[in-house]
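Enquirer: Starting off with a structure, shown below.
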Ligand code: FES
């Protein structure tokens, strides 16, 4: 656990430290954060900053051997102390930890990894062979948003063992192998470059002036005079300085979000002006309090109901109503079928704003390279960023280059622009490199959230327990700007039936503007909320039908050849296989819970189940990816893949697919990662599309290059290809032939041989009744949760989650497991603790995310039902894994206590009230 140091010696202008065994003297403000000193003065960039409040632990270092948050430690308190960071701590121990983290896949995005390791170093020095409970206690002060902690615990437990070298598969056998991340080493040695680590020499600092009100008109005084009176301030910029169209958005026809607000701010935390200048001077400013801006609060609407009210204050004057968009899927006659159903259940459910809480707040830098504006920042969508930046800043597209920095978590939050237009504008206006790092509260105020929802549904079944009809309606609070609201409104009705046969169906949705934070993409695009409604009601319906919940789901599960409510005939449906995979654990756990509860006492155990499905990629819209592969004169194979890897593993998985399609070993491949100047467009990292869509493009490019290599060598299909210095060697039936590369002419792409292929999933748009083929590939899954409910306190503890997911083909089983464990963690947070309230939970101590101590055991089961449309049979996985967790937990709570939770998160007072209501 991180500790607080006692108050240090009297403030001094010079503080002496020992860093890496060497004495260091630091002059300056003794109140300065140690994290800043280590990063900015000493260049120890492994010290990451996630909150500046001691909540996330990313900045954990050792001070005289004990872990502390460097962000909470003023310089004066470490006079004479010995400081250790990942760069400087004892090499042998950190090397063992790094190997173990790498081998276990314990670093996904990697932003938390250095802090985790420093906490582990302290533990392992005192306790060389700890048990899991000791690891959990030692690492409890460091948050991870990606991994679900299980692989981190395993890595620390395993750090004493010698790690075997990465077993690299033979040529043609990369797919299916648990290969360690190809980009994993920088994540575990602390050298990965995240947005805040991009700091060009002489860069100016950019800070935003933000609205303290949900809705307010504003007027500036005299910013120029204000700036002139403050040494070090180079520029103050407002919307008037924006040369292009001051509107961006992920769905261009609905682009409505200004980079800097004009005249009125539509949500708390919206930026209205920028201050740019010398970092020390700009950091010292009081913003917005000291800035010459006058606010006039205006009426606001914060909830869906308030936004949809006839007299609601209009969020966008140029829209006819606050309802941004509606969604609908209809088949059969649901109302009539419900009337004649043997059993009908109904319910209303409500979910809250949920914050992505990546441990890395948004950050990056921009500079001019000749006429080109270069923006290097954390993002999930470099090509979309480039297009929006060109539009907003009034630049031709060819004058904008976007280089994604490593992203310290995303989960959908980094699909929308954040710092990019602000630093781009500042760099253009000052002609100097400019950087910006959101504070934690800025990150929480200004970036997107999971849509709050209010949902209602009725589901009916016949006397045999077969579902006959469902009606669903969901209102989704899309906040101030459109962002991904239309995607949620269209995706939810498609998925709200769950992966079950539903002959008669009517599902509608609305995305409603309010003056709350903008709701956008967050792992599932509304499907997790809809699954809470449907899967909770399924448990009630199973009970009415007298069926076991798992058996009821199996009875109604979709199978190959079934027609979905939106008219598409599905194939490669692996739901029954997933439910069957849970069955042994389900039977044992239900029996064990009943035996435990029979003994009485305030703690009751319950077991719940829920399923998921999820269409991979855009809903009925094109979303192509293009991949290029080239062979150099030196005999290296270069893979240009532009899919951003935000921790999910695209850099590794896409390379595995390309290597096998070409027929070479992974070691022969050099990876060029996303950069709009160097890689073709692989679209955005969202909607579980990269393994499927970019994977298909990589498979096609690899296969095309292989054909060309074989043709040039005049060899048959089965020939093996080996890359050597200056040549490719092909062999078949004991005959070898070399293609000499050195000195060979280069093609237009600069390679001796190359191929570039594009794949766009075959889909059709939905019609007015939501009928069509919105996705080409669907993934399926089911999870079982075991919980304990304290009947007197309302507290819920999740003991175990068993998760079975149909991934089609597990390209990399280790990374797939990591996705499942991380998704379960976020689903647990959604179910039990996460509720963002503007103005109240804008930090990581009021907004709680799961800690290492909250995580249950997670048993992952990979079901492989290949999809012929997926690369080598693979389906997407990233969104799917979060969807069933929350409803499985809610169903387990009901099994344990009788409490029917209809408002999330299931905080103790809500659980207690539901227990009371059930009594
Ligand atoms: Fe821990 Fe991303 S790997 S926050």
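Enquirer: Assigned to a loop (DSSP other than H, G, I, E, B), more than 16 Å from the ligand (Cβ to nearest atom) and either under 30 Å from residue 825 (Cβ atoms) or under 27 Å from the mean Cα position of the chain (by Cα) (or both): does that describe residue 395?
Expert: Spelling it out, it is not the case that residue 395 is assigned to a loop (DSSP other than H, G, I, E, B), more than 16 Å from the ligand (Cβ to nearest atom) and either under 30 Å from residue 825 (Cβ atoms) or under 27 Å from the mean Cα position of the chain (by Cα) (or both).
Enquirer: Which of the following residues is under 25 Å from residue 638 (Cβ atoms), in contact with a helix residue (DSSP H, G or I) (Cβ under 6 Å, 6 or more places away or on another chain) and more than 11 Å from the ligand (Cβ to nearest atom): 150, 180? Break it down into steps so the answer makes sense when it comes.
Expert: Working: 150 fails: under 25 Å from residue 638 (Cβ atoms).
Only one candidate passes the filter, namely 180.
Enquirer: Condition check: part of a loop (DSSP other than H, G, I, E, B), under 21 Å from the mean Cα position of the chain (by Cα) and surrounded by fewer than 24 Cβ atoms within 10 Å (Cβ to Cβ). Does residue 201 satisfy that? I'd like the intermediate steps shown before the answer.
Expert: Values: part of a loop (DSSP other than H, G, I, E, B): yes; under 21 Å from the mean Cα position of the chain (by Cα): no; surrounded by fewer than 24 Cβ atoms within 10 Å (Cβ to Cβ): yes.
No, not satisfied.
Enquirer: Given the conditions (1) closer than 25 Å to residue 770 by Cα; (2) assigned to a loop (DSSP other than H, G, I, E, B), which single one is not true for residue 515?
Expert: Every condition holds for residue 515 apart from (1).
Enquirer: Just to be sure before I move on: is residue 542 out of contact with any strand residue (DSSP E or B) (no Cβ under 6 Å at 6 or more places or on another chain), crowded, with 23+ Cβ neighbours inside 10 Å and under 12 Å from residue 499 (Cα atoms) in the structure I sent? So that I can check it myself, show each step before the final result.
Expert: Values: out of contact with any strand residue (DSSP E or B) (no Cβ under 6 Å at 6 or more places or on another chain): yes; crowded, with 23+ Cβ neighbours inside 10 Å: yes; under 12 Å from residue 499 (Cα atoms): no.
So residue 542 fails the test.
Enquirer: Report, by residue number, each residue of the stretch 313-334 that is under 18 Å from residue 509 (Cβ atoms), out of contact with any strand residue (DSSP E or B) (no Cβ under 6 Å at 6 or more places or on another chain) and in contact (Cβ under 8 Å) with a residue 60 or more places away in the chain.
Expert: Selection gives 319 alone.
Enquirer: Hey, another quick one. I'd like the residue in the stretch 662-674 that is in a helix (DSSP H, G or I) and in contact with a strand residue (DSSP E or B) (Cβ under 9 Å, 6 or more places away or on another chain) and, out of all such residues, is surrounded by the fewest Cβ atoms within 10 Å (Cβ to Cβ).
Expert: Within the stretch 662-674, the first condition is being in a helix (DSSP H, G or I), and the residues that meet it are 662, 666-668.
Then drop every residue that is not in contact with a strand residue (DSSP E or B) (Cβ under 9 Å, 6 or more places away or on another chain), which leaves 662, 667-668.
On the way: 662: 29, 667: 14, 668: 19.
The residue in question is 667.
Enquirer: Which of the residues that make up the stretch 440-488 are closer than 21 Å to residue 347 by Cβ, outside any loop (DSSP other than H, G, I, E, B) and under 22 Å from the mean Cα position of the chain (by Cα)? Step through it out loud before you land on a result.
Expert: Applying the first criterion (closer than 21 Å to residue 347 by Cβ) to the stretch 440-488 yields 450-462, 465-477, 488.
Narrowing further to those that are outside any loop (DSSP other than H, G, I, E, B): 450, 453-461, 467-477, 488.
Passing the criteria: 450, 453, 476, 477, 488.
Enquirer: Return the only residue of 407, 337, 352 being in contact (Cβ under 8 Å) with a residue 40 or more places away in the chain and within 16 Å of the ligand (Cβ to nearest atom). Lay out the reasoning, then the answer.
Expert: Numbers: 337 fails: within 16 Å of the ligand (Cβ to nearest atom); 352 fails: within 16 Å of the ligand (Cβ to nearest atom).
After ruling out the rest, the residue left standing is 407.
Enquirer: Related question: Could you run through the stretch 577-593 and say how many residues are touching a residue at least 12 places away in the same chain (Cβ under 8 Å) and over 28 Å from the mean Cα position of the chain (by Cα)?
Expert: The initial filter retains those residues of the stretch 577-593 that are touching a residue at least 12 places away in the same chain (Cβ under 8 Å), namely 577-583, 585-586, 589-590, 592-593.
If we keep only those that are over 28 Å from the mean Cα position of the chain (by Cα) too, we end up with 580, 583, 585-586, 589-590, 592-593.
Total meeting the criteria: 8.
Enquirer: Going through 287, 274, 302 one at a time, which residue ends up being at pLDDT below 95 and either in a loop (DSSP other than H, G, I, E, B) or closer than 22 Å to residue 426 by Cβ (or both)? Write out each step before concluding.
Expert: Numbers: 274 fails: at pLDDT below 95; 302 fails: at pLDDT below 95.
Testing whether each residue is at pLDDT below 95 and either in a loop (DSSP other than H, G, I, E, B) or closer than 22 Å to residue 426 by Cβ (or both) leaves just 287.
Enquirer: Next up: Could you list all residues from the stretch 358-390 that are more than 23 Å from residue 672 (Cβ to Cβ), in contact with a strand residue (DSSP E or B) (Cβ under 7 Å, 6 or more places away or on another chain) and away from the ligand (no atom under 16 Å from the Cβ)?
Expert: The answer is 388, and nothing else.
Enquirer: State which residue is surrounded by the fewest Cβ atoms within 10 Å (Cβ to Cβ) when the search covers only the stretch 622-644 and only residues that are out of contact with any helix residue (DSSP H, G or I) (no Cβ under 9 Å at 6 or more places or on another chain) and assigned to a loop (DSSP other than H, G, I, E, B).
Expert: 622
Enquirer: Still on this structure, please answer the following. Being within 16 Å of the ligand (Cβ to nearest atom), closer than 26 Å to residue 361 by Cβ, touching a helix residue (DSSP H, G or I) at 6+ places or on another chain (Cβ under 9 Å) and touching a residue at least 60 places away in the same chain (Cβ under 8 Å) narrows it down to one residue among 72, 86; which is it?
Expert: Values: 72 fails: within 16 Å of the ligand (Cβ to nearest atom).
Within the list 72, 86, the selection yields 86.
Enquirer: For residue 133, indicate whether it is more than 15 Å from the ligand (Cβ to nearest atom), touching a strand residue (DSSP E or B) at 6+ places or on another chain (Cβ under 7 Å) and either assigned to a helix (DSSP H, G or I) or more than 23 Å from residue 69 (Cα to Cα) (or both).
Expert: So residue 133 fails the test.
Enquirer: Assess whether residue 690 counts as being without any contact (Cβ under 8 Å) to a residue 40 or more places away in the chain and touching a helix residue (DSSP H, G or I) at 6+ places or on another chain (Cβ under 9 Å).
Expert: no
Enquirer: Could you please find all residues in the stretch 53-67 being within 20 Å of residue 145 (Cα to Cα), away from the ligand (no atom under 16 Å from the Cβ) and crowded, with 22+ Cβ neighbours inside 10 Å?
Expert: Scanning the stretch 53-67 gives a single hit, 61.
Enquirer: Return the total of residues in the stretch 106-130 being within 13 Å of the ligand (Cβ to nearest atom), in a loop (DSSP other than H, G, I, E, B) and farther than 20 Å from residue 406 by Cα.
Expert: Restricting attention to the stretch 106-130, the residues satisfying the condition of being within 13 Å of the ligand (Cβ to nearest atom) are 106-117, 119.
If we keep only those that are in a loop (DSSP other than H, G, I, E, B) too, we end up with 106-112.
Next cut, farther than 20 Å from residue 406 by Cα only: none.
Selection size over the stretch 106-130: 0.
The values are calculated or read from the model by the stated rules, or taken from the named source; none is laboratory data. Predicted model, so just to flag it, every value in this text is computed and none were measured. No Cβ is skipped: glycine too gets one built from the backbone with ideal geometry, and neighbour counts run over all protein chains shown.
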